[in-house]
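Read the structure below first, then the notes.
Any read-out appearing in this document is the output of simple, stated calculations on the displayed coordinates, not a laboratory observation. All values derive from a computational prediction rather than experimental measurement. All Cβ positions, even for glycine, are placed from backbone atoms using ideal geometry, and neighbour counts span all protein chains on display.
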Amino acid sequence: MSEVVVRSGGSADSGIGLLACLDPLLREWLPRQRWFAGKGRPVTGFTLVGAAELLPVEGRLGLHHLLVRVHQGPSRPGDCYQLLIGSRAALPPRLAPALIGHVEQGALAGRTVYDALYDARPADVLLEALRSEARVGGLCFERDPGQEIRSDLVPRLVTSEQSNSSLVYGDTFILKLLRRIVPGVNPDLELPLALAREHCPRVPPPTAWLRAELDGEASVLAVLQPFVRGATDGWELALRELAKSEDFCGEARALGRATAEVHQALARALPTVTLGHLQMEALVDGMLERLESAARAVPLLLPYVPALRSAFTALSDLAEEGRTWTAQRIHGDLHLGQCLRAPGGEWSVIDFEGEPSKSLAERRLPQPPLRDIAGMLRSFDYAAHSAGAPAPEWAAACRAAYCTGYAQVSGVDPRTDPVLLRAYETDKAIYEVVYEARHRPDWLAVPMKAIARYTTPADRF
Ligand SMILES: Nc1ncnc2c1ncn2[C@@H]1O[C@H](COP(=O)(O)OP(=O)(O)OP(=O)(O)O)[C@@H](O)[C@H]1O
Ligand SMILES: [Mg+2]
């Protein structure tokens, strides 16, 4: 294994010794973390990928940055996680939720270790390192010289459910620390930087970021962005309006405009390609395969399979007739929860990491922008069907308003390409059925209703 062991002011051995003394505690603690992706499979061991001492362990408060490969049996190489480990003689009560455990032996013997993101001092250390563009061990803290980072901002950990961890500094910045680290260019930094170069106002421009080498590739570990103060996310806002039976069309139109602004800026900033028959065949084959495997996993889908299949074959028929599509970089996982509305009404789009279950190479491929649009349309449908009483007319009005907003900015109404749009919506709904059947059976009815609707001959956009 080509693991790099780095440690500031110490030897590789000391990093490995550190991991050895944490090993029994991490085996218990890691699988309990919301962001740990390998739930359900026992942890069988760890390999150190990188270790950097950010505050000396001899002090009142020690701070280590670790990149740790977590092994879960011999079949897979194991995912790499980013950990910030604090150590103290004893934990004050306010840090109780951060407890990892008491170390019995080794470099940290006698100390209590904890998730340092809960603690203000380590959070300050991270911001200061970004501000001063520090190099510690293999960690490269970098920043945009054009943005100021004040040093007196009070940090707090975001406690809502997340697949990464975020710290907010004085309602001025938000630092997203990626937890599962994959080697290579991460769209969560790549796309916001590209959008900032295009002066796209819909995405908070990255202020600073942390990188390290992983498997020989520069990889993103964290991104600092301006914090949108007092914002409400689109999902929360939509549910609130639904609960009051309020119309959401104005916001849906604004979201359509925001999506088009982001797409236009991405198309200017990064390469676009034309998708012809061959590429569309590959796209359709993927959709058909996902349908077959979903129907095996969720037999409820079986009666709908022939009609669902025809949503996809209609797309290959078009491609066979010589129709082409333009593909570009897109958000990749767009839904209401990825949009923040500031109190003044301005929308921002966040979280460009794409679907974490896919490889970075796949996530970075140009795709038709309708894929993002289909994601948002599914999101309106989810909101409408998860509120107390289903509100299909509300969702239909949002869909239309969103497409109108998109067309106002881009000049292209997504409804003029109903075959591709329906194929993407269908593909997404099938994914949702599998996800809900596995994780949230109470929600299964939401995508199943969509499947039933999409397979009704009369259902057109
Ligand atoms: N620039 C910002 N301004 C204000 N709040 C933000 C900003 N960026 C993110 N947030 C808040 O932090 C939350 C998590 O951010 P983000 O979606 O990027 O993290 P994530 O770990 O990828 O989450 P998920 O697991 O939902 O994909 C958002 O839902 C939002 O509430
Ligand atoms: Mg995410």
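Give the Kirkwood hydrodynamic radius (Å, one decimal) of the stretch 12-226, defined as one over the mean of 1/r across all pairs of different Cα atoms.
17.8 Å
Please work out how much length the chain gains when fully extended from Arg453 to Tyr431, using 0.36 nm per residue of separation minus the C-alpha to C-alpha distance, in nm with one decimal.
6.3 nm
List the lysines whose alpha-carbon lies under 30 Å from that of Lys176, not counting same-chain residues fewer than 8 positions away?
Within the straight-line cut-off, Lys176 pairs with Lys39, Lys358, Lys428.
Work out which helices of the chain, taken as complete DSSP H runs, extend at least 15 Å along their axis over the Cα atoms and score a mean Kyte-Doolittle of 1.0 or more, then list them.
none
I need the peptides 206-215, 171-180 ranked by packing, meaning the mean over residues of other C-beta atoms within 10 angstrom, with the highest value on top.
Going by the mean number of other Cβ atoms within 10 Å, highest first, we get 206-215, 171-180.
Evaluate Rg over Rh across the chain, taking Cα atoms for both radii and Kirkwood's formula for Rh.
0.99
With charges set only on the Cβ (+1 for Lys and Arg, -1 for Asp and Glu), what does the dipole of the stretch 232-454 come to about its Cα centre, in debye to the nearest 20?
In total the dipole reaches around 40 debye.
How big is the stretch 346-411 on each of its three principal axes, counting only the C-alpha atoms and giving the largest first in Å?
40, 31, 23
What is the distance, in nm, between label points placed 7 Å from the Cα along the Cα-to-Cβ direction at Leu99 and at Leu288?
According to this spin-label approximation, the distance is 5.7 nm.
Once you charge only the Cβ atoms, +1 for Lys and Arg and -1 for Asp and Glu, what is the size of the charge dipole of the chain about its Cα centre, to the nearest 20 debye?
580 debye
With just the Cα atoms defining each centre, how far is the stretch 298-346 from the stretch 150-211? Give it in Å.
27 Å
Along Cα→Cβ, 7 Å out, is where each label goes; now give me the distance between the ones at Ser163 and Arg32 in nm to one decimal.
In this crude label model, Ser163 to Arg32 measures out at 2.4 nm.
So how far apart, in nm, are the two label points at Asp247 and Glu355 if each is 7 Å from Cα heading toward Cβ?
In this crude spin-label approximation the distance works out to 3.5 nm.
Could you name the aspartates and glutamates whose alpha carbon sits less than 20 Å from that of Lys244, not counting residues in the same chain fewer than 8 places away?
List returned: Asp233, Glu236, Asp381, Glu393.
Given just the C-alpha atoms of the stretch 232-454, how large is their convex hull per residue in cubic angstrom?
121 Å³
What's the ranking of 374-385, 46-57 by average number of surrounding C-beta atoms within 10 Å, highest first?
Top to bottom by mean Cβ count within 10 Å: 374-385, 46-57.
As a check on your grasp of the helix formula, calculate [θ] at 222 nm for the chain: sum -39500 (n - 2.57) over DSSP H runs of n ≥ 4, divide by the residue count, round to the nearest 500.
Taking each H run of at least 4 residues, the total per residue is -13000 deg cm²/dmol.
Applying 1/(1 + (r/R0)^6) with R0 = 56 Å to the Cβ-Cβ distance of Lys39 and His199, what FRET efficiency is obtained, to the nearest 0.05?
That gives a FRET efficiency of 0.85.
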